[in-house]
Amino acid sequence: MTLTDHAPDDVLERHFEATIARNDRIEPRDWMPEGYRKTLVRQIAQHAHSEIIGMQPEGNWISRAPSLRRKAILLAKVQDEAGHGLYLYSAAETLGVSRLELTEMLISGRQKYSSIFNYPTLSYADVGTIGWLVDGAAICNQVPLCRTSYGPYGRAMIRVCKEESFHQRQGYELLATMMRGTDEQRAMVQESVNRFWWPALMMFGPPDADSPNTAQSMAWGIKRNTNDELRQKFVDMSVPQAEALGVTLPDPELIWNEERGHHDFGQPDWEEFMEGVKGNGPCNAQRMAHRRRAHEDGAWVREAATAYAAKQAAS
Amino acid sequence: MSTVEPEWPLYEVFVRGKRGLNHVHVGSLHAADDRMALLHARDVYTRRNEGVSIWVVRADAITASSPDEKDPMFAPSGDKVYRHPTFYDIPDNVPHM
C-alpha cells in the first residue's frame, strides 16, 4: 500500500533527498536514512533533557524570590521549561524511541544535556541573566530550528519559541529593575553577567572547524546555520542590549568591526566546555543526582496512578 | 533505580483554538487514564489560552494512512480535474459565478 512497503532502499533514499531538496518536511512515518533518524533522536533528546535539567538552576530560587510578583513569574517560567521538555520528548517519540528509554538515557548519563545548566545560580540576579543571556542564546539557536526538516521537531520549536520571548523579557526586565536599584544590586548584576557571558557563548557548540557533524546536519536540513554564525548573531544582538542595561560584557577583545559589519570577540574557554560535556562541570553531579532522585521519588505516584486506572477500567 | 515499570499509554492531543475552528493536533503525552490525559493536556498545551476545547485519544486507537505524498492512497483524487470549479468554462459576462 505505501511506498515504504515495496520500494528498494535507493528509490526511498532518492525520494527522501527530493523531499529535503524541495524544502518540504519529513514526517514521522516517512522512510528516512538511519543516520538522519539517529541524529534527530540525539539532538531532540539532548534538547528535551536540557529543558528538564534547566528547571533546576532557576528552581533553586523559587522559595527565595524577593516578591510575590517575581515568584509567580519564576514559577511560570520553570513550568514552561517542563512544558518545553515535554513538547520535545513528544517529538522524539515520533522517531520510534520511547519516553521511558529517553528518561533512562538521561539519568544513566548516556545522553547529554546542555552544559550551561551545570553552572550554579549564586544570586537572584542569575535568574535575570539566565533569562536575558541563556534564553537569548537559546532563542538564537531555536528560531532557525522552526524551519528544521523534521516536521514534529519544527512544530515543537514553534511552540517553544513563542514562550521563550516571555522568558527573555522577564529576565531583562528583572536586571533593568536591579540596575535602577542600589550600587550593591548593580554590582550583583555585573557579577552575574561576568559569570554567564562565556558559558552563554558556549551554548552554540564548538567552533565550526571542530564541529564534524554540522555539514551533514545542514545537508539534511536539520540545522539551518552553523555554530559560529549563530554565535556571531548572538554577540551582535547582545551588545546593544548590554549598553542599554548599563553593564559591560567581560571580553576585552569585543569590538565593532566596521569592515565585517559585525563585532569581533574572543573565544570562550573550550577546555572548560569539554570538561562540562564530559561530566566534570561545576554542578553536573548535583543536577544528575537531583533528576535521578525526582524520578525515584515519583515512582509511587506513577504506580498509584497506574493501579487506579486499572481499577477504574475493571469496574 | 526502580524496577522496570510499564509505560503509561501515549495519547494524541487535539485543541480547538477558539469557537468556529476545528480541533488541531498539537502533540502527544503519556497518562495513566483518559482523565489524567485531559488534565495533562491542559497543563502542557494550553498554558496561554491556546484552547477552548481539548480532545485526547489513545494513539493506539488511531488508524492512519501513510503520510507519504506519493502514496497511491491519494491517487484517485489526482486525475479528477472535473471535481474542481476551474475545470468549467463560464463566459465572462455571467455574473456571480
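The values are calculated or read from the model by the stated rules, or taken from the named source; none is laboratory data. This one's a predicted model, so the numbers in the text were calculated from it and none came from an experiment. Every residue, glycine as well, gets a Cβ built from its backbone with ideal geometry; the counts of neighbours run over all protein chains shown.
For every residue, the table says whether it meets (1) in contact (Cβ under 8 Å) with a residue 12 or more places away in the chain; (2) in contact with a Cys (Cβ under 7 Å, 6 or more places away or on another chain); (3) assigned to a loop (DSSP other than H, G, I, E, B).
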site: A:Arg110; (1), (2), (3): no, no, yes
site: A:Thr121; (1), (2), (3): yes, no, yes
site: A:Asp126; (1), (2), (3): yes, no, no
site: A:Gly131; (1), (2), (3): yes, no, no
site: A:Asp135; (1), (2), (3): yes, no, no
site: A:Ala138; (1), (2), (3): yes, no, no
site: A:Pro152; (1), (2), (3): yes, no, no
site: A:Ala156; (1), (2), (3): yes, no, no
site: A:Val160; (1), (2), (3): yes, no, no
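What pairs can you find where one residue is in region A:63-81 and small (Gly, Ala, Ser), the other is surrounded by 15 or more Cβ atoms within 10 Å (Cβ to Cβ), and their Cβ atoms are less than 6 Å apart, with a gap of 6+ or different chains?
A:Ala65/A:Lys71; A:Ala65/A:Leu74
Can you tell which of A:Arg64, A:Arg70 is surrounded by 15 or more Cβ atoms within 10 Å (Cβ to Cβ), of a type in the set (D, E, K, R) and modelled with pLDDT of 95 or more?
Result of the check over A:Arg64, A:Arg70: A:Arg70.
Scan region A:277-284 and tell me whether some residue there is modelled with pLDDT of 95 or more and of a type in the set (Val, Ile, Thr).
Checked region A:277-284: no residue is modelled with pLDDT of 95 or more and of a type in the set (Val, Ile, Thr).
Among the candidates B:Gly27, B:Gly20, single out the residue that is in a loop (DSSP other than H, G, I, E, B) and of a type in the set (Gly, Ala, Ser).
Details: B:Gly27 fails: in a loop (DSSP other than H, G, I, E, B).
Exactly one of B:Gly27, B:Gly20 is in a loop (DSSP other than H, G, I, E, B) and of a type in the set (Gly, Ala, Ser), namely B:Gly20.
More than 8 Å from chain A (Cβ to nearest Cβ), exposed (fewer than 13 other Cβ atoms within 10 Å of the Cβ) and under 25 Å from B:Trp8 (Cα atoms): does that describe B:Asp79?
Here the answer is no, as B:Asp79 does not meet what is asked.
I need every pair where a residue in region A:286-315 that is over 22 Å from A:Asn118 (Cβ atoms) and surrounded by fewer than 13 Cβ atoms within 10 Å (Cβ to Cβ) has its Cβ under 8 Å from the Cβ of a residue that is modelled with pLDDT of 95 or more and not β-branched (Val, Ile, Thr), sequence separation at least 6 or different chains.
Close Cβ pairs satisfying both conditions: A:Gln312/B:Asp33; A:Ala313/B:Asp33.
If you scan region A:89-104, which residues turn out to be in contact (Cβ under 8 Å) with a residue 40 or more places away in the chain and either closer than 16 Å to B:Trp8 by Cβ or crowded, with 17+ Cβ neighbours inside 10 Å (or both)?
A:Tyr89, A:Ser90, A:Ala91, A:Ala92, A:Thr94, A:Leu95, A:Val97, A:Leu102, A:Thr103 - these are the residues of region A:89-104 that are in contact (Cβ under 8 Å) with a residue 40 or more places away in the chain and either closer than 16 Å to B:Trp8 by Cβ or crowded, with 17+ Cβ neighbours inside 10 Å (or both).
Taking the residues in region B:26-65 that are under 14 Å from the mean Cα position of the chain (by Cα) and within 11 Å of chain A (Cβ to nearest Cβ) as candidates, determine which candidate is surrounded by the fewest Cβ atoms within 10 Å (Cβ to Cβ). Full working, then the answer.
Going through region B:26-65, the residues under 14 Å from the mean Cα position of the chain (by Cα) turn out to be B:26-28, B:53-59, B:61-65.
The next check asks that each one be within 11 Å of chain A (Cβ to nearest Cβ); those that pass are B:26-28, B:59, B:64-65.
Numbers: B:Val26: 23, B:Gly27: 24, B:Ser28: 24, B:Ala59: 15, B:Ala64: 8, B:Ser65: 11.
Step by step, filter region B:26-65, then rank; the result is B:Ala64.
Looking at the structure I just gave you, is A:Val160 away from every other protein chain (no Cβ under 14 Å) and either in contact with a helix residue (DSSP H, G or I) (Cβ under 9 Å, 6 or more places away or on another chain) or not charged (D, E, K, R) (or both)?
The answer is no for A:Val160.
For B:Val56, indicate whether it is over 25 Å from A:Lys77 (Cα atoms) and at pLDDT 95 or above.
For B:Val56, the condition - over 25 Å from A:Lys77 (Cα atoms) and at pLDDT 95 or above - is met.
Please enumerate the residues belonging to region A:204-242 that are assigned to a loop (DSSP other than H, G, I, E, B), touching a residue at least 12 places away in the same chain (Cβ under 8 Å) and of a type outside the set (Val, Ile, Thr). Give the derivation first.
Taking region A:204-242 first, the residues assigned to a loop (DSSP other than H, G, I, E, B) are A:204-207, A:211-213, A:220-226.
Retained after the next criterion (residues that are touching a residue at least 12 places away in the same chain (Cβ under 8 Å)): A:204-207, A:211, A:213, A:220-226.
Across region A:204-242, the qualifying residues are A:Phe204, A:Gly205, A:Pro206, A:Pro207, A:Ser211, A:Asn213, A:Trp220, A:Gly221, A:Lys223, A:Arg224, A:Asn225.
I'd like to check something: does region A:129-149 contain any residue that is within 12 Å of chain B (Cβ to nearest Cβ) and surrounded by fewer than 20 Cβ atoms within 10 Å (Cβ to Cβ)? Quick ask: steps written out before the conclusion?
Step one: list which residues in region A:129-149 are within 12 Å of chain B (Cβ to nearest Cβ), which gives none.
No, the conditions are met nowhere in region A:129-149.
In region A:7-50, how many residues are away from chain B (no Cβ under 12 Å), over 14 Å from A:Ser217 (Cα atoms) and surrounded by 13 or more Cβ atoms within 10 Å (Cβ to Cβ)?
Residues meeting the conditions: 7.
For region A:162-203, how many residues are buried (at least 23 other Cβ atoms within 10 Å of the Cβ) and not in a helix (DSSP H, G or I)?
Final tally of qualifying residues: 1.
Among the listed residues A:Trp198, A:Trp220, which satisfies the condition of being within 19 Å of A:Tyr113 (Cβ to Cβ) and among the aromatic types (Phe, Trp, Tyr)?
On inspection, the qualifying residue turns out to be A:Trp198.
If I go through region A:80-129 residue by residue, how many of them are closer than 25 Å to B:Tyr45 by Cα and of a type in the set (Ser, Thr, Tyr)?
8
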